[in-house]
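Right, one structure below, let's go through it.
Values quoted throughout were computed directly from the atomic coordinates according to the rules given, and no laboratory measurement underlies them. Predicted, not measured: the structure shown is a model, and the values here were computed from it. Heads up, the Cβs are rebuilt from the backbone with ideal geometry, glycines too, and the neighbour counts pull from every protein chain shown.
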Amino acid sequence: MKKAIACVTNSVDSEISEKAARASFILIFEDNELIESIKNPFAVGGGGAGFSMAKLLADKGVNEFIAGASGSNLESALKDKGIKLILKKGKAKEMI
């Protein structure tokens, strides 16, 4: 199972981001091991971050996305892609 976590920095010691689709970094874990750190290309810019993030996560084979908060567009897009959204606060390493 792959998990993605919206993070403030690119470290497992990072706080989980409240921004979800606009988080600075996305950390991807498989079998509790960090396999990829992505500088979020949707962190700044116009609309559509939620839909774009859902596509990126689906393309990476992610099953769960963990963030501090989420907007309705992201929630809907994740649901359409079959990705479970988990809202949590704390550090990324506490979620793996």
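Tabulated data for the structure shown
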item	result
Boolean, L27 is under 11 Å from the mean Cα position of the chain (by Cα) and within 18 Å of E94 (Cβ to Cβ)	yes
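A quick yes/no check of all residues on (1) farther than 25 Å from K79 by Cβ; (2) of a type in the set (D, E); (3) surrounded by fewer than 18 Cβ atoms within 10 Å (Cβ to Cβ):
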position: T9; (1), (2), (3): yes, no, yes
position: S14; (1), (2), (3): yes, no, no
position: E18; (1), (2), (3): no, yes, yes
position: S24; (1), (2), (3): no, no, yes
position: F29; (1), (2), (3): no, no, no
position: E33; (1), (2), (3): yes, yes, yes
position: P41; (1), (2), (3): no, no, yes
position: K55; (1), (2), (3): no, no, yes
